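*Asks:* Questions regarding the structure given below will be posed in turn.
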Amino acid sequence: MSNAIGKPTSRVDGRLKVTGRAVYTAEHHLANIAYAHLVLSSVSKGRLLALDTTAAAAAPGVITVMTHLNAPLMAATQVFDTTTETSGAESTSVPILQTDRVYWHGQPMAVVVAETLEQAQYAAGLVRAEYAEEPARVTLRGKEDQGFPPENILGAAAEIHRGDVDAALAASAARVDHEYSTPLEHHNAIEPHATTAFWDGDQLTVYDSSQYIFGVRQTLAEKFGLPLSHVRVLAPFVGGGFGGKGLAWPNVALCVAAARMVGRPVKLSLTRAQMFACTGYRSPTEQRVALGADSQGRLTALRHTGYSQTSTGNTFAEMFTFPARHLYACPNVRLEQKIVRLDVAAPTFMRGPGEAPGTFALESALDELAYELGIDPIELRARNEPERDPDSGRPFSSRHLTEAYRIGADMFGWSRRDPKPRSMSDGRWLVGWGVASAMYPYYRFPASARVKLLADGSAQVETGAQDMGMGTATVHTLIVADHLGLPLAKVRARLGDTDLPFAAIAAGSATTVSAGSAIESACLALKSQLLALARSGDGPLREVPDAEMELRDSGVYLKADSQHGEAYAALLARHRRECVEARADTQAGDEMKNFSMVSTGAQFCEVRVDPDLGEVRVSRFLGVFDGGRILSPKTARSQFLGGIVMGLGMALMEETVVDARNGRVVNPGLAEYLVPVHADVPAIEVHWLDKPDPQAPLGARGIGEIGITGVAAAVANAVYHATGRRIRDLPITPEKLL
Ligand code: MOS
């Protein structure tokens, strides 16, 4: 053991990244490569009457203009389904460049392929389309008539009913009942969606900026009628995803089709504006939360209902009722959500999907109830902390939310807070403090891994997982270093290649536990091989029983005598082995069937509000998290910080504005879609309880998404405390406070 786990380690690929030696998808400069650029629709619904590509085709450097009239056949494939384990990554069922139909504003209608990027972009502007436009529905307006319940949500029941909510609400000593809304939001990963594809006969190789290379491989194989073995997808480095790169958006297959058509490698990189049109987004939500409590603040009724949108080509329900399933003990519960099918692009997962907008509504409502009751909001939550999972009735595997609040309250100085709104100020700024709960469920997916010990005594760990910047390569390195007793520099993590062992989608905060458990199993299998080699032959450990040996200091050693053993390089040399390797394949695991596994946290926010201008500045933020065991503190801290920063954006600025008349995104760029910059981000503190989950492999529950959850409510609750104004409609922009 080298005890690498739990020690602060800089990311192992950090040097490659900051020196520019990490090669990202659009940076593969293949010989004879051509550049593709998309032409998008300018109407939301209808049919192409004419698509004039003459001028574009005649423009300098243009190789071809691909349209529905000449594109290769791309078969319909099944849209990504979280309830099956071998799903592809298809994002939408509507045909792209196969018919003249238009299903959303911004749907790809043509692909221009040219010798240079500039020539492709220029020629794309020369394509002229004429549409027979049909009336389209592009916003949630009229949702009451159009909404319908999804069959299930991620395989879970779409509706939860317990007891009699209406009667309990009517009989409650205190109640609140309000509507909350969250806007459409885009992921805005810094690395654009990009694909580089080339064909070698009927062998296809694709670099794609993806969170799910095996899903992309499945989808492309089905679309182009190829066996899986003929498709290789690679994403060794991904510059951010946040859920937006979980699926294969139309640009991926279009790049592959273009490469087939021109018989050359093709690169297709989306512009920032195009990423607002056709690579997914978080659905807007219209939610309503009613809470009833007795005079002691014990919840008697909890109702959480509302609407989100989906598209013609997929059925996606932003699962905003999920937090209410696990956070509070309450006998009378009604959770219902409906979706509205619109003529829009397909919505998808975005960091803390469901839990981020859901905790905004639920945790704002809890704060409102605390004021109704005159009970401190932390105390109110403690009084409603469930003993067992309120939904399933299963025991929690490990849950320490009350402790997170206690520690956070100490760190933040919560006892000094005067609960009265507008009671605190700093010069002309009104000051407010708010809290909210964070929560994100535990997921685990099937995964495979291979660990190799090489003749020079170094190790390689291989799994086809993706690292979008969250530290996956680092965590994998730590696990192997720990098990094999190697220094970190002697372990190399290989990722992001479908030629490596299978890994599922890098989503659901599940990569560490999913791939990590496979790596751990492979390490254990490798260990038994190494021990067997050590005791066989005439090495220094001949005939020593396994129980008396351990792996450390880059070799096999006697537990009882730190000097007595054999270095790996010597061990492999003695047996004339180039490599000793072991592979493990792990399944999703049964732990979730027997236990309720949920990570939780306590978010504390201090805001300063300018009473004349309505400007909100977050001046302090603290998140205290119970995410199980933390394997890599430094990259984990970055994950929590990143989640909180994204939550601040959600609270105060992020909003995609859609023109209700035609479905056009009005602000498709970072100049108008605002995300937090350094000046918007205060000194954020994060703390974690680091209590290993006894049911989770490695004790870890995953931490990628929990950071964002609860943040917007903590900000809104702090704004209320500062100003006495309750904003139930995100983002909290100055005009809403004036
Ligand atoms: Mo996360 S939104 O499940 O990539």
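*Asks:* What nm distance separates the two modelled labels at ALA171 and ASP610, each placed 7 Å from Cα along Cα→Cβ?
*Replies:* 5.2
*Asks:* Here's another thing I want to ask about it. With a 10 Å radius around each residue's Cβ, average the other Cβ atoms per peptide and rank 363-373, 690-700, 437-447, highest first. Write down the numbers at each step before the final one.
*Replies:* Numbers: 363-373: 23.7, 690-700: 19.1, 437-447: 26.3.
The most tightly packed comes first, giving 437-447, 363-373, 690-700.
*Asks:* Which loop trypsin sites (Lys or Arg not before Pro) in region 86-177, with loop taken from DSSP, have no more than 16 other Cβ atoms within 10 angstrom of their Cβ? Show your work: numbers first, answer last.
*Replies:* On the way: sites: ARG101, ARG128, ARG137, ARG141, LYS143, ARG162, ARG175; in loops: ARG137, ARG141.
Hits after loop and neighbour filter: ARG141.
*Asks:* State, to one decimal in nm, how far the label point of LEU524 lies from the label point of GLU543, with both points 7 Å from Cα in the Cβ direction.
*Replies:* Using points 7 Å along Cα→Cβ, the separation is 3.0 nm.
*Asks:* Multiply the residue gap between ASP164 and VAL681 by 0.36 nm, knock off their C-alpha separation, and tell me the result in nm, one decimal place. Before the final figure, lay out the partial values.
*Replies:* On the way: separation 517, 0.36 × 517 = 186.12 nm, distance 4.37 nm.
The ASP164-VAL681 span can extend by a further 181.8 nm.
*Asks:* Could you tell me whether region 521-611 comes out rounded, prolate or oblate from its Cα gyration tensor? Rule is a ≥ b ≥ c as square roots of the eigenvalues, rounded for a/c under 1.5, then prolate if a/b exceeds b/c, otherwise oblate.
*Replies:* On the way: a/c = 3.25, a/b = 2.35, b/c = 1.39.
Prolate shape, in that a/c is at least 1.5 and a/b is the bigger ratio.
*Asks:* List, in the order given, every pair from LYS593/LYS691; LYS45/LYS338; LYS7/LYS593; LYS527/LYS593 whose Cα-Cα distance in the structure shown is over 26 Å.
*Replies:* On the way: LYS593/LYS691 21 Å; LYS45/LYS338 23 Å; LYS7/LYS593 32 Å; LYS527/LYS593 30 Å.
Check vs 26 Å cut-off fails for LYS7/LYS593; LYS527/LYS593.
*Asks:* Just the number please: accessible area per residue for the chain, 1.4 Å probe, all protein chains included, in Å². Provide the component values of the computation, followed by the final result.
*Replies:* Values: 26890 Å² over 738 residues.
Result: 36 Å² per residue.
*Asks:* Given a Förster radius of 56 Å and the C-beta distance between ARG576 and GLU672 as r, what FRET efficiency does 1/(1 + (r/R0)^6) yield to the nearest 0.05? Write down the numbers at each step before the final one.
*Replies:* On the way: r = 65 Å, r/R0 = 1.16.
Once the sixth-power term is evaluated, E becomes 0.30.
*Asks:* For LYS559, which aspartates and glutamates qualify as cross-link partners when the Cα separation must be under 15 Å and same-chain residues fewer than eight apart are set aside?
*Replies:* The qualifying aspartates and glutamates are GLU543, ASP546, GLU548, GLU550.
*Asks:* Sum -39500 (n - 2.57) across every DSSP H segment of at least 4 residues in the chain, then divide by the residue count to get the 222 nm mean residue ellipticity, nearest 500. Numbers along the way, then the final one.
*Replies:* Numbers: 19 runs with 189 residues, N = 738.
-7500 deg cm²/dmol, from helical runs alone.
*Asks:* Among rounded, prolate and oblate, which fits the chain when a ≥ b ≥ c are the square roots of the eigenvalues of its C-alpha gyration tensor, a/c under 1.5 means rounded, and a/b larger than b/c means prolate? Before the final figure, lay out each step's value.
*Replies:* Details: a/c = 1.87, a/b = 1.07, b/c = 1.76.
Here the chain falls in the oblate category.
*Asks:* Under 16 Å from a point 7 Å along the Cα-to-Cβ line of GLU151: which residues of region 335-377 have their amide N that close?
*Replies:* 339
*Asks:* Next question, about the same structure. Which FRET efficiency, nearest 0.05, do LYS736 and GLN563 yield, Cβ-Cβ r, R0 60 Å?
*Replies:* It comes to 0.30.
*Asks:* Continuing with this model, one more query. Grab the beta carbon distance between ARG298 and THR19, set R0 = 51 Å, and tell me the FRET efficiency rounded to 0.05.
*Replies:* Working: r = 57 Å, r/R0 = 1.13.
Plugging the Cβ-Cβ distance into 1/(1 + (r/R0)^6) gives 0.35.
*Asks:* Ok, one more. Considering only C-alpha atoms, what is the centroid distance from region 290-351 to region 174-229, in Å?
*Replies:* 26
*Asks:* Continuing with this model, one more query. On the protein heavy atoms, probe 1.4 angstrom, tell me the percent of accessible surface of the chain carried by carbon and sulfur. Please report the intermediate quantities before stating the final value.
*Replies:* Numbers: 13450 of 26890 Å².
The nonpolar share, carbon plus sulfur, comes to 50 percent.
*Asks:* Tell me, in nm to one decimal, what length is gained between GLU179 and ALA660 on full extension, where the rule is 0.36 nm per residue of separation less the Cα-Cα distance?
*Replies:* Working: separation 481, 0.36 × 481 = 173.16 nm, distance 2.13 nm.
Between GLU179 and ALA660, full extension yields an extra 171.0 nm.
*Asks:* Which of the helices in the chain, when you take each full DSSP H run, stretch at least 24 Å along the axis at their Cα atoms and have an average Kyte-Doolittle score of 0.5 or higher? Before the final figure, lay out each step's value.
*Replies:* Values: long enough: 355-373 (26 Å, 0.15); 511-535 (35 Å, 0.82); 633-652 (28 Å, 0.68).
Going by DSSP H runs, the hits are 511-535, 633-652.
*Asks:* Assuming a ≥ b ≥ c are the square roots of the Cα gyration tensor eigenvalues, decide whether region 29-136 counts as rounded (a/c under 1.5), prolate (otherwise, with a/b larger than b/c) or oblate. Before the final figure, lay out each step's value.
*Replies:* Working: a/c = 2.48, a/b = 1.26, b/c = 1.96.
Here region 29-136 falls in the oblate category.
*Asks:* What trypsin sites (Lys or Arg not before Pro) in region 1-58 are in a loop by DSSP, with at most 14 other Cβ atoms within 10 Å of the Cβ?
*Replies:* Values: sites: ARG11, ARG15, LYS17, ARG21, LYS45, ARG47; in loops: ARG11, ARG21, LYS45.
Listed in order of number, the matching sites are ARG21.
*Asks:* Relative to the present Cα-Cα distance, how much length would full extension add between ASP456 and ALA58 at 0.36 nm per residue of separation? Before the final figure, lay out each step's value.
*Replies:* Working: separation 398, 0.36 × 398 = 143.28 nm, distance 5.77 nm.
The ASP456-ALA58 span can extend by a further 137.5 nm.
*Asks:* Next up: Which whole-number percent gives the relative contact order of the chain, counting Cα pairs below 8 Å spaced six or more residues apart?
*Replies:* It comes to 17 percent, rounded to a whole number.
*Asks:* I've got another one for you. Chymotrypsin sites (Phe, Trp or Tyr not before Pro), restricted to region 136-214: which are DSSP loop and have at most 11 other Cβ atoms within 10 Å? Each step should come with its number before you reach the end.
*Replies:* Numbers: sites: TYR180, PHE198, TRP199, TYR207, TYR212, PHE214; in loops: TYR212.
Here no chymotrypsin sites (Phe, Trp or Tyr not before Pro) fit, given the DSSP loop and packing criteria.
*Asks:* Something else now. Relative to a virtual label point 7 Å from the Cα of MET411 in the Cα→beta-carbon direction, which members of region 699-738 show backbone nitrogen distances below 17 Å?
*Replies:* The answer is 703-712, 714-715, whose backbone nitrogens lie closer than 17 Å to the label point.
*Asks:* Hey, can you rank 289-298, 506-515 by average C-beta count inside 10 Å, highest first? It would help to have the intermediate numbers written out before the result.
*Replies:* Values: 289-298: 20.1, 506-515: 28.6.
The peptides rank, most packed first, as 506-515, 289-298.
*Asks:* What residue among GLY663, ALA584, GLN296 has its Cα farthest toward the positive end of the dipole of the chain, where the charges are +1 on Lys, Arg and -1 on Asp, Glu, each on the Cβ?
*Replies:* Going by the Cα projections, it comes out as ALA584.
*Asks:* What whole-number distance in Å separates the alpha-carbon centres of region 531-587 and region 463-504?
*Replies:* After rounding, the separation between the Cα centres reads 22 Å.
The values are calculated or read from the model by the stated rules, or taken from the named source; none is laboratory data. Quick caveat, the model's predicted, so the values are computed rather than measured. Neighbour counts are summed over all protein chains in view; Cβ atoms, including those assigned to glycine, are modelled from backbone coordinates with ideal geometry. We work out accessible area using only protein heavy atoms, side chains counted, and drop any ligands, DNA or RNA first. Shrake-Rupley method; radii C 1.70, N 1.55, O 1.52, S 1.80 Å.
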